[in-house]
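Participant: The structure under discussion is supplied below as structure tokens; questions concerning it will follow.
The values are calculated or read from the model by the stated rules, or taken from the named source; none is laboratory data. Here the structure is a predicted model, which means the values were calculated and not measured. Please note: Cβ atoms are built from the backbone with ideal geometry, for glycine as well, and neighbour counts cover all protein chains shown.
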Amino acid sequence: MKIWAVANQKGGVGKTTTTVTLGGLLSGPDQRVLLVDMDPHGSLTAYFGHDPETATRGVYELFNQAVEGERPDPAGLIRETPFPGLDLLTASTALATLDRQLGTRGGMGLVLRHALEGVQDDYDYVLMDCPPMLGVLMVNALAACDELLVPVQTEFLALKGLERMINTLTMVQKSRKAQLNYRIIPTLFDRRTRAAHEALAELRRQYGDEVWSGVIPVDTKFRDASSAGQPLCFMIPDARGVLAYADLLETIGGRLPRTHGERRQAK
Ligand code: ADP
Ligand code: MG
């Protein structure tokens, strides 16, 4: 089971879109993917038609179990989506109170990691959509993942947010046994604007090899997919944005399911 976290302390950079699209691409009848919504805003949860205001049975309950002294067990909390092989652990707005609730209580940094150990044999990939702020949820996600994907919008302001994210990462790194590798994913790239090209060049200059060699282009079809509550790869398998995410998967060692080719042919 590979565990990837998608994080950036800035909103609107494509975290949820990246999580949904990679999850859609990787899942199939022969390959199982778990999406975990760690963001109290619950965008990923809402994407699949659940209301984060009222959702019970999700990430919040895992923390409750841990507080009660139980081993966090996602088995009864995971929901199926309409897509074969694609499951979801929802966020609820209650997650926003978690930091205050837990206060300085120790031992809460590995709740997610322990929970995922319980489903190790059930999934091939776990993708976590992280909140845009540093707190117990972010710490849990970074402690649980094998690799971190950092979507960065290709515009100058976004580069500032990235600095903060890298600082957070350095801090969390110290409490991890294994080194956490991260990869910066340039997103929302509008090739017609000079600003986008300049931001991309600056990103590569500052972060070099940590930056994926490709880009995720602006593709308005992502918004249509979001309204339809479907990963774009199921609606338009050869959309520009989908092909870019498929390229990304190749770089980061994600294997497309056997059914992926059939899906494209069926189109
Ligand atoms: P985050 O989770 O980082 O806040 P989202 O994934 O929700 O960001 O993206 C913010 C908005 O931008 C959403 O409306 C989404 O549909 C849109 N979006 C994300 N990626 C792209 C893209 N590559 N092209 C066009 N629109 C995009
Ligand atoms: Mg989001």
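Participant: Given the condition outside any loop (DSSP other than H, G, I, E, B), of a type in the set (S, T, N, Q), free of Cβ contacts under 8 Å to residues at least 12 places away in the same chain and loosely packed, with under 14 Cβ neighbours inside 10 Å, answer yes or no: does some residue in segment 240-258 qualify?
Facilitator: For segment 240-258, residues outside any loop (DSSP other than H, G, I, E, B), of a type in the set (S, T, N, Q), free of Cβ contacts under 8 Å to residues at least 12 places away in the same chain and loosely packed, with under 14 Cβ neighbours inside 10 Å: absent.
Participant: Residue under question is residue 33, and the condition is that it be away from ligand 2 (no atom under 16 Å from the Cβ) and within 18 Å of residue 91 (Cα to Cα); does it hold?
Facilitator: So residue 33 fits the description; yes.
Participant: Regarding segment 74-81, can at least one residue be identified that is touching a helix residue (DSSP H, G or I) at 6+ places or on another chain (Cβ under 9 Å) and within 14 Å of ligand 1 (Cβ to nearest atom)?
Facilitator: no
Participant: Hey, another quick one. Looking only at residues that are charged (D, E, K, R) and more than 17 Å from residue 13 (Cβ to Cβ) in segment 194-203, which one is surrounded by the fewest Cβ atoms within 10 Å (Cβ to Cβ)?
Facilitator: For segment 194-203, the residue satisfying everything is 194.
Participant: Can you find a residue that is part of a loop (DSSP other than H, G, I, E, B), β-branched (Val, Ile, Thr) and at pLDDT 95 or above anywhere in segment 142-152?
Facilitator: Checked segment 142-152: no residue is part of a loop (DSSP other than H, G, I, E, B), β-branched (Val, Ile, Thr) and at pLDDT 95 or above.
Participant: If a residue has to be surrounded by fewer than 17 Cβ atoms within 10 Å (Cβ to Cβ), of a type in the set (A, V, I, L, M) and more than 13 Å from ligand 1 (Cβ to nearest atom) to count, how many in segment 204-234 make the cut?
Facilitator: Summing the residues that are surrounded by fewer than 17 Cβ atoms within 10 Å (Cβ to Cβ), of a type in the set (A, V, I, L, M) and more than 13 Å from ligand 1 (Cβ to nearest atom) in segment 204-234 gives 0.
Participant: Give me the pairs: first residue in segment 215-238 and under 13 Å from residue 44 (Cα atoms), second residue among the polar types (S, T, N, Q), beta-carbon distance under 8 Å, and six or more apart or on different chains, which are they?
Facilitator: Correct list of pairs: 226/17; 231/21.
Participant: Looking at (1) away from ligand 2 (no atom under 16 Å from the Cβ); (2) farther than 26 Å from residue 150 by Cα, can you tell me which one residue 55 breaks?
Facilitator: Answer for residue 55: the failing condition is (1).
Participant: Is it the case, given these coordinates, that residue 173 is more than 14 Å from ligand 1 (Cβ to nearest atom), without any contact (Cβ under 8 Å) to a residue 40 or more places away in the chain and surrounded by fewer than 17 Cβ atoms within 10 Å (Cβ to Cβ)?
Facilitator: Details: more than 14 Å from ligand 1 (Cβ to nearest atom): yes; without any contact (Cβ under 8 Å) to a residue 40 or more places away in the chain: yes; surrounded by fewer than 17 Cβ atoms within 10 Å (Cβ to Cβ): yes.
For residue 173, the condition - more than 14 Å from ligand 1 (Cβ to nearest atom), without any contact (Cβ under 8 Å) to a residue 40 or more places away in the chain and surrounded by fewer than 17 Cβ atoms within 10 Å (Cβ to Cβ) - is met.
Participant: Something else now. Return the total of residues in segment 110-134 being within 16 Å of ligand 2 (Cβ to nearest atom), assigned to a loop (DSSP other than H, G, I, E, B) and either buried (at least 18 other Cβ atoms within 10 Å of the Cβ) or at positive phi (or both).
Facilitator: Within segment 110-134, residues that are within 16 Å of ligand 2 (Cβ to nearest atom), assigned to a loop (DSSP other than H, G, I, E, B) and either buried (at least 18 other Cβ atoms within 10 Å of the Cβ) or at positive phi (or both) number 4.
Participant: Still on this structure: Anything in segment 1-43 that is among the small types (Gly, Ala, Ser), under 13 Å from the mean Cα position of the chain (by Cα) and away from ligand 1 (no atom under 12 Å from the Cβ)? List them, or say none.
Facilitator: 5, 23, 24
Participant: Which condition breaks for residue 110 when tested against (1) under 19 Å from residue 180 (Cβ atoms); (2) at pLDDT 95 or above?
Facilitator: (2)
Participant: One residue is enough: does segment 138-152 have a residue meeting the conditions within 17 Å of residue 59 (Cα to Cα) and within 16 Å of ligand 2 (Cβ to nearest atom)?
Facilitator: Yes, segment 138-152 has at least one match.
Participant: Any residue at all in segment 26-39 that's out of contact with any Cys (no Cβ under 9 Å at 6 or more places or on another chain), surrounded by fewer than 15 Cβ atoms within 10 Å (Cβ to Cβ) and not charged (D, E, K, R)?
Facilitator: Checking segment 26-39: at least one residue is out of contact with any Cys (no Cβ under 9 Å at 6 or more places or on another chain), surrounded by fewer than 15 Cβ atoms within 10 Å (Cβ to Cβ) and not charged (D, E, K, R).
Participant: Return the residues of segment 44-58 that are within 16 Å of ligand 1 (Cβ to nearest atom) and of a type in the set (Val, Ile, Thr); say none if nothing qualifies.
Facilitator: 45
Participant: Here is a follow-up. Report yes if residue 202 is among the acidic types (Asp, Glu) and more than 28 Å from residue 114 (Cβ to Cβ), otherwise no.
Facilitator: Numbers: among the acidic types (Asp, Glu): yes; more than 28 Å from residue 114 (Cβ to Cβ): yes.
Against the criterion (among the acidic types (Asp, Glu) and more than 28 Å from residue 114 (Cβ to Cβ)), residue 202 qualifies.
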